[in-house]
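Visitor: Just passing along the structure, written as structure tokens.
Only the coordinates and a few stated rules stand behind these numbers; no lab work does. Not measured: the values here are computed from a predicted model. FYI the Cβ positions are ideal-geometry reconstructions off the backbone, even for glycines, and counts take in every protein chain you see.
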């Protein structure tokens, strides 16, 4: 029997044909996977971020800033970080220091907020207490709460960028948060968002107050936010639970809870009051 001989003239086109066919097949698969990846990534972004109309795609690519915070014998303080050298110098050295990013549209805490943060530090929050922070923004106040409670911190935030920022801060600070995206004027909360020992909020300031500079996202109130919050508050606090909020002096007109105390002077005050309802 004669052997079948395949010459180079036949073998070369055969090999090239097989290679070409393989490349075409890989191209089809890659195209399909690429399309699937783009679809899935867009789908995930819509589901996780719940992007509202005002939040443009450009913001996802916008650079974030950084802020260094610490707690020492002088209380809480914050410093903006303007470059990578400062960021390197501010790497955490103790459990009472943190460097956090500031996402686009999220308010940067500053020393003007020291009254609010130092009130949290001086509060009766104890280890194991269940604490809710509303409008946490960067999550810096959730971090200060955690320094005292050493337990899961609950958060309600209206800004989806704030939700992302809070979760990032919690990862960097090695503490746990449970976040809910929503507006207190119209929100359905899960069952475990109740019976809090403390509820905290550095609130949007009432617009009736004069001389208050608008800061960032959702930072103005015609009274509807404060009224809705005060209506919701009894369902959030356990009996004898305490609320600590920062607002303008104009808020005193709305807050009719018993055992109300205030701290501060001028236009901006801390309001501390208990839920004494039966």
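Visitor: Any chance you could run the full-extension gain for residue 72 through residue 112? It's 0.36 nm times the residue separation minus the Cα-Cα distance, nm to one decimal.
Guide: 12.7 nm
Visitor: Right, next: How many angstrom separate the Cα center of the range 226-278 from the Cα center of the range 105-121?
Guide: Between the Cα centre of the range 226-278 and that of the range 105-121, the gap is 18 Å.
Visitor: When the chain is fully extended, how far beyond the present Cα-Cα distance does residue 192 get from residue 267, taking 0.36 nm per residue of separation? Before the final figure, lay out the partial values.
Guide: Values: separation 75, 0.36 × 75 = 27.00 nm, distance 3.50 nm.
Contour length minus Cα-Cα distance gives 23.5 nm.
Visitor: Further question on the same structure: Relative contact order (percent) for the range 111-207, with alpha-carbon contacts under 8 angstrom and 6 or more residues of separation? Show your work: numbers first, answer last.
Guide: Numbers: 157 pairs, mean separation 31.2, N = 97.
For the range 111-207, the relative contact order is 32 percent.
Visitor: Tell me whether the range 115-274 comes out rounded, prolate or oblate; compute the Cα gyration tensor, take square roots of the eigenvalues as a ≥ b ≥ c, and use a/c under 1.5 as the rounded threshold.
Guide: Working: a/c = 1.42, a/b = 1.26, b/c = 1.13.
Rounded.
Visitor: Another question, then. For residue 168 and residue 183 in the same chain, what is the full-extension length gain: residue separation times 0.36 nm, less their Cα-Cα distance, in nm?
Guide: Numbers: separation 15, 0.36 × 15 = 5.40 nm, distance 2.09 nm.
Contour length minus the Cα-Cα distance gives 3.3 nm.
Visitor: Still on this model: Where both partners of a DSSP beta bridge lie in the range 115-274, what percent of those bridges are antiparallel, to the nearest 5? Please report the intermediate quantities before stating the final value.
Guide: Numbers: 11 of 31 bridges.
Approximately 35 percent, going by the DSSP bridge assignments.
Visitor: Computed from the mean reciprocal separation of all distinct C-alpha pairs, what Kirkwood hydrodynamic radius does the range 56-176 have, in Å? Each step should come with its number before you reach the end.
Guide: Values: mean 1/r = 0.0682 Å⁻¹.
Hydrodynamic radius (Kirkwood, Cα only) of the range 56-176 equals 14.7 Å.
Visitor: Can you tell me which of 139-150, 96-107 comes out highest on packing, and rank the rest after it, using the mean Cβ neighbours within 10 Å? Let's see the in-between values first.
Guide: Details: 139-150: 23.9, 96-107: 20.3.
Per-residue Cβ counts within 10 Å, averaged per peptide and sorted highest first, yield 139-150, 96-107.
Visitor: Output the peptides 125-131, 251-257, 163-169, 82-88 sorted from most to least packed, where packing is the average of other Cβ atoms within 10 Å over each peptide's residues. Present the calculation step by step, with values, prior to reporting the outcome.
Guide: On the way: 125-131: 16.9, 251-257: 15.0, 163-169: 22.1, 82-88: 10.7.
Highest to lowest by the protection proxy: 163-169, 125-131, 251-257, 82-88.
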